[in-house]
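The values are calculated or read from the model by the stated rules, or taken from the named source; none is laboratory data. Since the model is a prediction, treat every value here as computed from it, not as a measurement. With ideal geometry, Cβ positions are generated from the backbone for all residues, glycine too; neighbour counts draw on all protein chains shown.
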Amino acid sequence: MKAFMSIRRSIFAVLYAAIAVALPAAARAQEKLPVVATFSILGDFVKNVGGDRVSVTLLVGPEGDAHVYQPSPADAKKLAAAKVIFVNGFKFEGWIERLIKASGTKASVVVATKGIKPREMADEDHDHEQGVDPHAWQSIANARVYVANIRDALVVADPGGKETYEKNTADYLAKLAAVEAEVKEGIAKIPAARRKIITSHDAFGYFGAAYGFEFIAPQGVSTETEISARDVAKIIRQIKTQKIPAVFLENISDPRLMQRIADETGAKIGGKIYSDSLSAAGGTASTYIDMMRHNIRQLSAALTS
Amino acid sequence: MYDFLIAPFVEFEFMRRALVGAFALALGGAPVGVFLMLRRMSLTGDAMAHAILPGAAVGFLVSGLSLFAMTVGGIVAGFTVALGAGLVARSTELKEDASLAAFYLVSLALGVLIVSLKGSNIDLLHVLFGSVLALDDATLILIAGIATISLLTLAILWRPLVLECVDPNFLRSVSGAGAPTHLAFLALMVLNLVGAFHGLGTLLAVGLMMLPAAAARFWAKDLTSMIVIAVAVAVVSGVVGLLVSYHSGAAAGPAIILVAGVFYVVSVVLGPVGGLRRHFVPGRHLEA
Amino acid sequence: MTAALQFRNLTLGYDRHPAVHHLTGTVADGVLLAVIGPNGAGKSTLLKGIVGVLRPLDGAIERAQIRKRDIAYLPQIAEIDRSFPITVYDLVAMGLWRRAGLFGGISRRERDEIEKAISAVGLEGFEGRTIGTLSGGQMQRALFARLLLQDAQLILLDEPFTSLDAKTISDLLDLIHRWHRERRTILIVLHDLDLARTQFPETLLLAREAVAWGRTQDVLTAENLLKARQMCEAFDRHAEVCETDAA
């Protein structure tokens, strides 16, 4: 009888322990805040700030092009299921407002670039799109603002995680500072006269302004605008007269045009640099920090040889 | 004058290449365009631009963003659609236009499906379609090669092709050459289109095939002159369009096509054969 | 008498409905045969079957030693694209296809033949005109000129005289008789009974089935014509499968 009682007690104890462990885990799993980020770079920021407390879904995945993205019904579903939706703003996602309306979501929409001073599009002779340059994340100083906005939004949506979010943010900001130092160092190593490249996508304006680098582009911001002979001629002339040393491809545009310009000017073709999205997981630019690091390394390699 | 007309081509290699590319397209594509127009297949070009998607998509799935793989895939898909449509039109009650529409729509849907499977939302066709300003050696050779093949094929198939257009029943009754000729012509069309898409983009490819042909209609009474005029219009449009793009900053492809469009409008209004001129200014009648 | 064509229990039709029903007989070599019958009697269908455009629903057509290229066929409604920019000369020149082939040039002698054919049908001066500018009668004559050049052994004409004036008809009849003298086999579908009686020695009176076949004066009797007229023109929607084996 006594033995039996003790076996029963042991069984209860084990059961109890199991439940005690499982419940909080289950509760935690139930607690993950569902959020949506419109594209991979933004998503990376949100993941770093939110950590385990959020479950991030992306609309435009890695290697995707948000300028020409066509949302699908599945995306509307993702929006409807989310509690917070992070968008870049500055008209980066031309399709997002309609999608939000169509999805009928009750989520709060957070513009990650709030508080960032926008740059104008630097095209003197292109008369398309006189507008704002949306690629604000290219400057790490701006990235800090993104991260702060994200943190504040998450705290509002999930006050219980305030401490976690603040800690994550602090950690991440430290990492950002480290990368920023790397970038500045990399730039310093490049002789001042060589701090300019041609790239086919006018997406690095903020980087250039922040770190003293010149990016010259043959096309406008969106990958959809078509090019004219005059523009190509100008670029070639400019490369030749200013002795711009390198031409860079990036992950969303016509590489053949780049090759043509490089062939005709003798400029070096640099590697791939990332502007609008991260690389696929396992690639060299699968997080924002990796992306900035990758880009500066590519730039240095091409320009300091 | 020199500065305006010649200097751009002397100074920049990409301009010279663009000229050669447009020239090759004019030589090979304009005659094909004349036949397409006469056979009432003028909208085929646009249909083809969509029809090649599944081929390009499969190429993409297999080799990633390899232009070679996607172009080959596009050609295969184009052949399948064009030849399938041609065969159905020949052996059933359905006419050419409907059968082509049916095939290309199915093909397009298939293509979109395949692309969405991979998950990435790269606009495949955007990648596949080139620009006249970015012609590298391989592409130039491709376009020039296709032009040569086109001219040779048209020269060889001239008689049965004309017969097939004018009086297919007669051809059927005296020879079995009708079907192979028809299919060879369709294959030639696909080759021209896909090659031109790859090198020059859809607008330029279809535009330089069809607009000069439409313009030539108003100046020529017989087939040979029509083709010569179409080629001439295409060549001039290419040159003038490139110069316009150079001096005014207009996008290159559209500039060339708009110049061709101007030729077309002028032809409709002023052309002596079947245009509007006779309509409004009939002229006094002759003695006999 | 050698046979140019042999019909064995031939049935030709559309959608399983017979237009020519159980036809058996021989077309002699070198004959000049008129094919007469009411509308819908199967006359055009018969010619299409001979050319090979239509497959027999039953029975067979034997063409003794006559290959496809030896047959010249003038359809009732030529499906020619009138808007295509070729000249009368080019259209007529198509008749030389058999000799010139895909690549063959056209010799001096052949050029002469083309011009002769064009004037034989009364179209001198029309060589450079595009076919879109021709009247119905002129088009018909151009097609006749093409037929001339084809130099065929078997000639099939489906109502060739529709929309032609009397002079043209007379000219073309001369051509036909010339062919007959050259020992070519000619079948011609007609509606004009007087023309048949005066110009054509043999006649087949067809009303789905052969009503009469032989010398024209024996065939085109009042009695036969009445029988032919009694054929029902429309296909019977409720027809059963035909059990009759032979005519």
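The condition (being within 14 Å of chain B (Cβ to nearest Cβ), under 16 Å from the mean Cα position of the chain (by Cα) and hydroxyl-bearing (Ser, Thr, Tyr)) is satisfied by just one residue among C:Ser44, C:Ser83: C:Ser44. Going residue by residue through region B:168-178, is there one that turns out to be touching a Phe, Trp or Tyr at 6+ places or on another chain (Cβ under 9 Å) and in contact (Cβ under 8 Å) with a residue 24 or more places away in the chain? No, region B:168-178 contains no residue that is touching a Phe, Trp or Tyr at 6+ places or on another chain (Cβ under 9 Å) and in contact (Cβ under 8 Å) with a residue 24 or more places away in the chain.
Would you be able to say whether some residue in region A:35-47 is among the β-branched types (Val, Ile, Thr) and within 14 Å of chain B (Cβ to nearest Cβ)?
The initial filter retains those residues of region A:35-47 that are among the β-branched types (Val, Ile, Thr), namely A:35-36, A:38, A:41, A:46.
Cutting the leftovers down to within 14 Å of chain B (Cβ to nearest Cβ) gives us A:38.
Checking region A:35-47: at least one residue is among the β-branched types (Val, Ile, Thr) and within 14 Å of chain B (Cβ to nearest Cβ).
The condition (being among the aliphatic types (A, V, I, L, M), touching a His at 6+ places or on another chain (Cβ under 7 Å) and either within 14 Å of chain A (Cβ to nearest Cβ) or closer than 14 Å to B:Pro54 by Cα (or both)) is satisfied by just one residue among B:Leu113, B:Leu108: B:Leu108. Count of region A:181-205 residues, restricted to those that are surrounded by 12 or more Cβ atoms within 10 Å (Cβ to Cβ) and among the acidic types (Asp, Glu), is 2. Name the residue, out of B:Leu151, B:Leu163, that is under 17 Å from the mean Cα position of the chain (by Cα) and assigned to a helix (DSSP H, G or I). After applying the criteria, what remains is B:Leu151.
Yes/no per residue for (1) touching a residue at least 40 places away in the same chain (Cβ under 8 Å); (2) of a type outside the set (S, T, N, Q); (3) within 14 Å of chain A (Cβ to nearest Cβ); (4) outside any loop (DSSP other than H, G, I, E, B):
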site: B:His247; (1), (2), (3), (4): yes, yes, yes, yes
site: B:Pro254; (1), (2), (3), (4): yes, yes, yes, yes
site: B:Leu258; (1), (2), (3), (4): no, yes, yes, yes
site: B:Val268; (1), (2), (3), (4): yes, yes, no, yes
site: B:Gly274; (1), (2), (3), (4): yes, yes, no, no
site: B:Arg278; (1), (2), (3), (4): no, yes, no, yes
site: B:Leu286; (1), (2), (3), (4): no, yes, no, no
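Test C:Leu206 against the stated conditions and say whether it is within 16 Å of the chain's Cα centre (by Cα) and not in a helix (DSSP H, G or I). So C:Leu206 passes the test. All conditions but one from (1) surrounded by 13 or more Cβ atoms within 10 Å (Cβ to Cβ); (2) touching a residue at least 40 places away in the same chain (Cβ under 8 Å) apply to C:Tyr89; the one that does not is (2).
Take residues that are among the polar types (S, T, N, Q) and tell me which of the helices (runs of 4 or more DSSP H) falling wholly in region B:39-117 contain 3 or more.
Numbers: elements: B:44-51, B:53-63, B:67-91.
Ranges flagged: B:67-91.
Among residues of region C:143-176 being of a type in the set (Val, Ile, Thr) and either part of a helix (DSSP H, G or I) or buried (at least 18 other Cβ atoms within 10 Å of the Cβ) (or both), the one that is farthest from the other protein chains (Cβ to nearest Cβ) is C:Ile169.
Going by the conditions given, is B:Val112 under 30 Å from A:Ala66 (Cα atoms), out of contact with any Ser or Thr (no Cβ under 9 Å at 6 or more places or on another chain) and among the β-branched types (Val, Ile, Thr)? Break it down stepwise before answering.
Values: under 30 Å from A:Ala66 (Cα atoms): yes; out of contact with any Ser or Thr (no Cβ under 9 Å at 6 or more places or on another chain): yes; among the β-branched types (Val, Ile, Thr): yes.
Yes, satisfied.
Among the residues in region B:181-196, are any within 14 Å of chain A (Cβ to nearest Cβ) and crowded, with 24+ Cβ neighbours inside 10 Å? The answer is no, given that none of the residues of region B:181-196 is within 14 Å of chain A (Cβ to nearest Cβ) and crowded, with 24+ Cβ neighbours inside 10 Å.
Considering only region B:43-58, state which residues are among the small types (Gly, Ala, Ser) and either touching a Ser or Thr at 6+ places or on another chain (Cβ under 7 Å) or modelled with pLDDT of 90 or more (or both). Break it down into steps so the answer makes sense when it comes.
Keep residues of region B:43-58 that are among the small types (Gly, Ala, Ser), which gives B:45, B:47, B:49, B:51, B:55-57.
Scanning region B:43-58 gives B:Ala49, B:Ala51.
Yes/no matrix, rows are residues, columns are (1) farther than 24 Å from B:Ala147 by Cβ; (2) charged (D, E, K, R); (3) in contact with a Cys (Cβ under 6 Å, 6 or more places away or on another chain):
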| residue | (1), (2), (3) |
| --- | --- |
| B:Glu13 | no, yes, no |
| B:Ala47 | no, no, no |
| B:Gly73 | no, no, no |
| B:Phe79 | no, no, no |
| B:Leu87 | yes, no, no |
| B:Thr92 | yes, no, no |
| B:Ala98 | yes, no, no |
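Residue check, B:Gly130 against (1) assigned to a loop (DSSP other than H, G, I, E, B); (2) closer than 24 Å to A:Tyr69 by Cβ; (3) free of Cβ contacts under 8 Å to residues at least 24 places away in the same chain; (4) not hydroxyl-bearing (Ser, Thr, Tyr), all met but one. Which one? Against the list (1) assigned to a loop (DSSP other than H, G, I, E, B); (2) closer than 24 Å to A:Tyr69 by Cβ; (3) free of Cβ contacts under 8 Å to residues at least 24 places away in the same chain; (4) not hydroxyl-bearing (Ser, Thr, Tyr), B:Gly130 comes up short only on (3). Where strands (runs of 3 or more DSSP E) fall wholly inside region A:27-118, the ranges with 1 or more residues that are within 12 Å of the chain's Cα centre (by Cα) are A:33-39, A:54-60, A:84-87.
For region B:142-164, does any single residue satisfy the condition of being at pLDDT 85 or above and within 14 Å of chain A (Cβ to nearest Cβ)? Yes.
Going by the conditions given, is B:Val32 within 14 Å of chain A (Cβ to nearest Cβ) and part of a helix (DSSP H, G or I)? Considered against the rule, which asks whether it is within 14 Å of chain A (Cβ to nearest Cβ) and part of a helix (DSSP H, G or I), B:Val32 comes out as no.
Taking the criterion of being more than 8 Å from every other protein chain (Cβ to nearest Cβ), over 13 Å from the mean Cα position of the chain (by Cα) and surrounded by fewer than 13 Cβ atoms within 10 Å (Cβ to Cβ), the residues of region C:63-80 that qualify are C:Ala64, C:Gln65, C:Arg67.
Residues that are more than 7 Å from chain B (Cβ to nearest Cβ) and within 20 Å of C:Asp158 (Cα to Cα) within region C:92-104 comprise C:Val92, C:Gly95, listed in sequence order. Just one of the numbered conditions (1) surrounded by fewer than 21 Cβ atoms within 10 Å (Cβ to Cβ); (2) among the aliphatic types (A, V, I, L, M); (3) within 14 Å of chain B (Cβ to nearest Cβ); (4) touching a residue at least 12 places away in the same chain (Cβ under 8 Å) is not true of A:Ala74: (4). Considering C:Asn9, C:Asn39, the condition of being out of contact with any helix residue (DSSP H, G or I) (no Cβ under 7 Å at 6 or more places or on another chain) and assigned to a loop (DSSP other than H, G, I, E, B) is satisfied by C:Asn39 alone. Every condition in (1) surrounded by 19 or more Cβ atoms within 10 Å (Cβ to Cβ); (2) in contact (Cβ under 8 Å) with a residue 12 or more places away in the chain; (3) more than 18 Å from B:Arg40 (Cα to Cα) holds for B:Leu151 except the one numbered (1). When both residues are 6+ apart or on different chains and their Cβ atoms are under 6 Å apart, which pairs have a first residue that lies in region B:206-230 and is more than 10 Å from every other protein chain (Cβ to nearest Cβ), and a second that is hydroxyl-bearing (Ser, Thr, Tyr)? As it stands, the answer is B:Met210/B:Ser42; B:Leu211/B:Tyr264; B:Ala214/B:Tyr264; B:Ala215/B:Tyr264; B:Ala215/B:Ser267; B:Phe218/B:Ser267, since those pairs meet every condition given. Condition test on B:Phe23, is it away from every other protein chain (no Cβ under 13 Å), more than 19 Å from B:Gly201 (Cβ to Cβ), assigned to a helix (DSSP H, G or I) and out of contact with any Ser or Thr (no Cβ under 9 Å at 6 or more places or on another chain)? For B:Phe23, the condition - away from every other protein chain (no Cβ under 13 Å), more than 19 Å from B:Gly201 (Cβ to Cβ), assigned to a helix (DSSP H, G or I) and out of contact with any Ser or Thr (no Cβ under 9 Å at 6 or more places or on another chain) - is not met.
Restricting attention to region A:252-285 and to residues that are without any contact (Cβ under 8 Å) to a residue 40 or more places away in the chain, in contact with a Phe, Trp or Tyr (Cβ under 7 Å, 6 or more places away or on another chain) and not in a loop (DSSP other than H, G, I, E, B), the residue that is farthest from A:Phe39 (Cα to Cα) turns out to be A:Glu264.
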